[in-house]
Amino acid sequence: GAVNPLYHADALVRAGNQIRAFVDVHPEVTLWSNAPDLATTYELEFKEPSWGPPPEPGLDPVEIEDHVVQLEFGPGFPQMAPTVFWLTPIFHPNVWPNYDSPKARERPASRGLVCLGDLTDAYQPALDLGQLCQSLLDVAAFRNYGLFQLSGQVTLGDDGQPRDLANANFFDGAAAYWVLTHQDLIERLKGRRTAAPDGPPDTYRNVVEDYFP
(Lines give C-alpha, C1' and ligand atoms only; values in the text may rest on other atoms or scores of the structure.)
Protein backbone atom coordinates (compact mmCIF):
# COMPACT_ATOMS: atom_id res chain seq x y z
CA GLY A 1 0.00 0.00 0.00
CA ALA A 2 0.87 3.68 -0.13
CA VAL A 3 3.04 5.24 2.56
CA ASN A 4 2.90 8.69 4.12
CA PRO A 5 3.20 11.17 1.20
CA LEU A 6 5.93 13.20 2.92
CA TYR A 7 7.95 10.08 3.69
CA HIS A 8 7.42 8.88 0.11
CA ALA A 9 8.54 12.23 -1.34
CA ASP A 10 11.63 12.34 0.87
CA ALA A 11 12.52 8.79 -0.19
CA LEU A 12 12.13 9.68 -3.89
CA VAL A 13 14.49 12.65 -3.49
CA ARG A 14 17.04 10.46 -1.72
CA ALA A 15 16.73 7.73 -4.36
CA GLY A 16 17.23 10.24 -7.16
CA ASN A 17 20.33 11.64 -5.50
CA GLN A 18 21.78 8.16 -5.04
CA ILE A 19 21.10 7.14 -8.64
CA ARG A 20 22.63 10.37 -9.99
CA ALA A 21 25.66 9.93 -7.74
CA PHE A 22 26.16 6.47 -9.21
CA VAL A 23 25.89 7.78 -12.77
CA ASP A 24 28.33 10.61 -12.00
CA VAL A 25 31.09 8.08 -11.34
CA HIS A 26 30.04 5.76 -14.19
CA PRO A 27 30.27 7.89 -17.34
CA GLU A 28 29.39 4.84 -19.43
CA VAL A 29 25.85 4.99 -18.01
CA THR A 30 23.26 7.43 -19.40
CA LEU A 31 20.33 8.40 -17.18
CA TRP A 32 16.78 9.49 -18.03
CA SER A 33 14.01 10.27 -15.53
CA ASN A 34 10.36 11.23 -15.88
CA ALA A 35 10.79 14.36 -13.72
CA PRO A 36 13.65 16.59 -12.54
CA ASP A 37 12.50 16.15 -8.93
CA LEU A 38 10.42 13.42 -7.32
CA ALA A 39 10.90 11.15 -10.33
CA THR A 40 9.16 7.79 -10.13
CA THR A 41 10.69 6.27 -13.28
CA TYR A 42 14.34 6.09 -14.28
CA GLU A 43 16.00 4.51 -17.28
CA LEU A 44 19.63 3.50 -17.30
CA GLU A 45 21.32 3.02 -20.68
CA PHE A 46 24.72 1.36 -20.75
CA LYS A 47 26.99 -1.02 -22.63
CA GLU A 48 28.01 -4.37 -21.19
CA PRO A 49 28.95 -7.54 -23.12
CA SER A 50 26.09 -9.99 -22.72
CA TRP A 51 23.79 -12.42 -24.52
CA GLY A 52 20.63 -11.68 -26.46
CA PRO A 53 17.83 -14.08 -27.40
CA PRO A 54 18.43 -16.60 -30.20
CA PRO A 55 17.19 -15.39 -33.60
CA GLU A 56 15.09 -18.58 -33.82
CA PRO A 57 14.19 -21.35 -31.36
CA GLY A 58 16.93 -23.95 -31.21
CA LEU A 59 19.69 -21.56 -32.24
CA ASP A 60 22.37 -20.10 -29.99
CA PRO A 61 21.89 -16.70 -28.35
CA VAL A 62 23.61 -13.73 -29.94
CA GLU A 63 26.23 -11.44 -28.45
CA ILE A 64 24.92 -8.01 -27.44
CA GLU A 65 26.22 -5.03 -25.48
CA ASP A 66 23.50 -2.33 -25.53
CA HIS A 67 21.09 -2.28 -22.58
CA VAL A 68 18.25 -0.10 -21.32
CA VAL A 69 16.82 -0.87 -17.89
CA GLN A 70 13.86 0.82 -16.22
CA LEU A 71 13.39 1.38 -12.49
CA GLU A 72 9.86 2.13 -11.28
CA PHE A 73 9.16 3.50 -7.81
CA GLY A 74 5.58 2.78 -6.79
CA PRO A 75 3.46 4.47 -4.09
CA GLY A 76 4.72 1.92 -1.55
CA PHE A 77 8.34 3.05 -1.88
CA PRO A 78 10.51 3.02 0.22
CA GLN A 79 8.74 0.29 2.19
CA MET A 80 8.53 -1.67 -1.06
CA ALA A 81 11.48 -2.12 -3.39
CA PRO A 82 11.40 -0.54 -6.86
CA THR A 83 10.34 -2.73 -9.75
CA VAL A 84 12.94 -3.25 -12.48
CA PHE A 85 12.30 -4.09 -16.14
CA TRP A 86 14.81 -4.84 -18.91
CA LEU A 87 13.61 -2.89 -21.94
CA THR A 88 16.12 -4.17 -24.49
CA PRO A 89 16.16 -7.86 -25.50
CA ILE A 90 18.30 -10.05 -23.26
CA PHE A 91 18.67 -13.80 -22.75
CA HIS A 92 19.11 -14.10 -19.01
CA PRO A 93 17.84 -16.60 -16.42
CA ASN A 94 16.69 -13.87 -14.03
CA VAL A 95 14.84 -11.70 -16.55
CA TRP A 96 11.32 -12.67 -17.62
CA PRO A 97 11.55 -13.24 -21.39
CA ASN A 98 11.07 -9.93 -23.20
CA TYR A 99 11.44 -11.57 -26.62
CA ASP A 100 8.81 -13.61 -28.46
CA SER A 101 8.36 -16.85 -26.53
CA PRO A 102 5.57 -18.84 -24.86
CA LYS A 103 6.34 -17.31 -21.44
CA ALA A 104 6.35 -13.77 -22.82
CA ARG A 105 2.99 -14.36 -24.51
CA GLU A 106 1.63 -16.02 -21.37
CA ARG A 107 2.35 -13.00 -19.15
CA PRO A 108 2.91 -9.92 -21.33
CA ALA A 109 2.83 -7.57 -18.32
CA SER A 110 5.88 -9.37 -16.91
CA ARG A 111 8.04 -9.02 -20.02
CA GLY A 112 11.48 -7.87 -18.93
CA LEU A 113 10.77 -8.13 -15.19
CA VAL A 114 14.05 -8.58 -13.31
CA CYS A 115 14.42 -10.96 -10.38
CA LEU A 116 16.99 -9.31 -8.15
CA GLY A 117 17.45 -12.34 -5.92
CA ASP A 118 19.37 -11.65 -2.73
CA LEU A 119 19.11 -7.89 -3.23
CA THR A 120 15.31 -8.12 -3.08
CA ASP A 121 15.34 -10.59 -0.18
CA ALA A 122 17.61 -8.31 1.81
CA TYR A 123 15.86 -5.09 0.77
CA GLN A 124 15.61 -2.38 3.39
CA PRO A 125 14.19 1.15 2.95
CA ALA A 126 17.68 2.51 3.65
CA LEU A 127 19.24 0.63 0.72
CA ASP A 128 21.54 2.83 -1.36
CA LEU A 129 20.06 2.77 -4.86
CA GLY A 130 23.56 3.02 -6.29
CA GLN A 131 23.98 -0.56 -5.10
CA LEU A 132 20.94 -1.54 -7.14
CA CYS A 133 22.34 0.21 -10.22
CA GLN A 134 25.63 -1.66 -9.89
CA SER A 135 23.72 -4.91 -9.50
CA LEU A 136 22.00 -4.31 -12.84
CA LEU A 137 25.33 -3.86 -14.61
CA ASP A 138 26.44 -7.10 -13.01
CA VAL A 139 23.25 -8.86 -14.15
CA ALA A 140 23.95 -7.85 -17.74
CA ALA A 141 27.51 -9.18 -17.54
CA PHE A 142 26.49 -12.45 -15.80
CA ARG A 143 28.48 -11.50 -12.75
CA ASN A 144 25.16 -11.66 -10.89
CA TYR A 145 22.67 -14.41 -11.66
CA GLY A 146 21.00 -17.35 -9.97
CA LEU A 147 19.75 -20.72 -11.16
CA PHE A 148 18.99 -22.68 -8.01
CA GLN A 149 17.74 -22.13 -4.50
CA LEU A 150 18.18 -24.66 -1.74
CA SER A 151 14.83 -26.19 -0.79
CA GLY A 152 15.72 -27.01 2.79
CA GLN A 153 15.32 -30.71 2.04
CA VAL A 154 18.09 -33.29 1.96
CA THR A 155 18.24 -36.61 0.14
CA LEU A 156 20.86 -39.34 -0.14
CA GLY A 157 22.79 -39.59 -3.39
CA ASP A 158 23.84 -42.81 -5.12
CA ASP A 159 27.03 -42.69 -3.07
CA GLY A 160 25.06 -42.62 0.16
CA GLN A 161 26.09 -39.04 0.95
CA PRO A 162 23.48 -36.42 1.86
CA ARG A 163 22.71 -33.79 -0.76
CA ASP A 164 20.74 -30.59 -0.52
CA LEU A 165 17.81 -30.49 -2.93
CA ALA A 166 17.44 -27.40 -5.09
CA ASN A 167 14.47 -25.62 -6.62
CA ALA A 168 14.44 -23.56 -9.78
CA ASN A 169 15.31 -19.93 -9.10
CA PHE A 170 14.94 -18.24 -12.47
CA PHE A 171 12.40 -16.56 -14.76
CA ASP A 172 13.62 -17.84 -18.14
CA GLY A 173 14.02 -21.62 -18.30
CA ALA A 174 15.53 -21.60 -21.78
CA ALA A 175 18.20 -19.11 -20.71
CA ALA A 176 18.84 -21.04 -17.48
CA TYR A 177 19.41 -24.27 -19.40
CA TRP A 178 21.75 -22.53 -21.84
CA VAL A 179 23.75 -20.88 -19.05
CA LEU A 180 24.03 -24.15 -17.15
CA THR A 181 25.40 -25.97 -20.19
CA HIS A 182 27.63 -23.17 -21.50
CA GLN A 183 29.62 -22.13 -18.46
CA ASP A 184 32.73 -21.79 -20.63
CA LEU A 185 31.07 -18.97 -22.58
CA ILE A 186 29.94 -17.27 -19.38
CA GLU A 187 33.53 -17.41 -18.14
CA ARG A 188 34.81 -16.08 -21.46
CA LEU A 189 32.47 -13.13 -20.95
CA LYS A 190 34.24 -12.63 -17.60
CA GLY A 191 31.04 -13.63 -15.89
CA ARG A 192 30.70 -15.82 -12.81
CA ARG A 193 30.56 -19.58 -13.08
CA THR A 194 27.52 -20.93 -11.30
CA ALA A 195 28.07 -22.77 -8.06
CA ALA A 196 25.59 -25.65 -8.05
CA PRO A 197 24.51 -26.87 -4.62
CA ASP A 198 25.96 -30.11 -3.30
CA GLY A 199 25.61 -32.73 -5.99
CA PRO A 200 26.58 -33.48 -9.59
CA PRO A 201 25.61 -30.99 -12.33
CA ASP A 202 23.23 -33.49 -13.93
CA THR A 203 21.05 -33.33 -10.82
CA TYR A 204 20.47 -29.63 -11.33
CA ARG A 205 20.17 -29.90 -15.07
CA ASN A 206 17.08 -31.97 -14.37
CA VAL A 207 15.67 -29.13 -12.26
CA VAL A 208 16.04 -26.83 -15.25
CA GLU A 209 14.60 -29.34 -17.69
CA ASP A 210 11.53 -29.86 -15.50
CA TYR A 211 10.91 -26.12 -15.66
CA PHE A 212 11.75 -25.73 -19.35
CA PRO A 213 8.87 -23.88 -21.11
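Quick notes on this structure:
- Hey, N98 open to solvent by 10 Å² or more (accessible area, probe 1.4 Å) and within 10 Å of the chain's Cα centre (by Cα) or not: no
- Residues in segment 22-73 that are touching a Cys at 6+ places or on another chain (Cβ under 9 Å) and either charged (D, E, K, R) or open to solvent by 90 Å² or more (accessible area, probe 1.4 Å) (or both): 0 in all.
- Condition broken by A15, with the remaining ones in (1) in a loop (DSSP other than H, G, I, E, B); (2) over 30 Å from P102 (Cβ atoms); (3) open to solvent by less than 80 Å² (accessible area, probe 1.4 Å); (4) in contact with a helix residue (DSSP H, G or I) (Cβ under 7 Å, 6 or more places away or on another chain) satisfied: (1)
- When segment 101-125 is filtered for residues that are modelled with pLDDT under 95, open to solvent by 30 Å² or more (accessible area, probe 1.4 Å) and in contact with a Pro (Cβ under 8 Å, 6 or more places away or on another chain), the ones remaining, listed by number, are P102, P125.
- Selection from segment 86-109 of residues that are within 24 Å of L12 (Cα to Cα) and touching a Phe, Trp or Tyr at 6+ places or on another chain (Cβ under 9 Å): W86
The values are calculated or read from the model by the stated rules, or taken from the named source; none is laboratory data. Source: prediction; values computed, not measured. As a convention, Cβ positions derive from the backbone with ideal geometry for all residues, glycine included, and neighbour counts pool all protein chains shown. We work out accessible area using only protein heavy atoms, side chains counted, and drop any ligands, DNA or RNA first. Shrake-Rupley method; radii C 1.70, N 1.55, O 1.52, S 1.80 Å.
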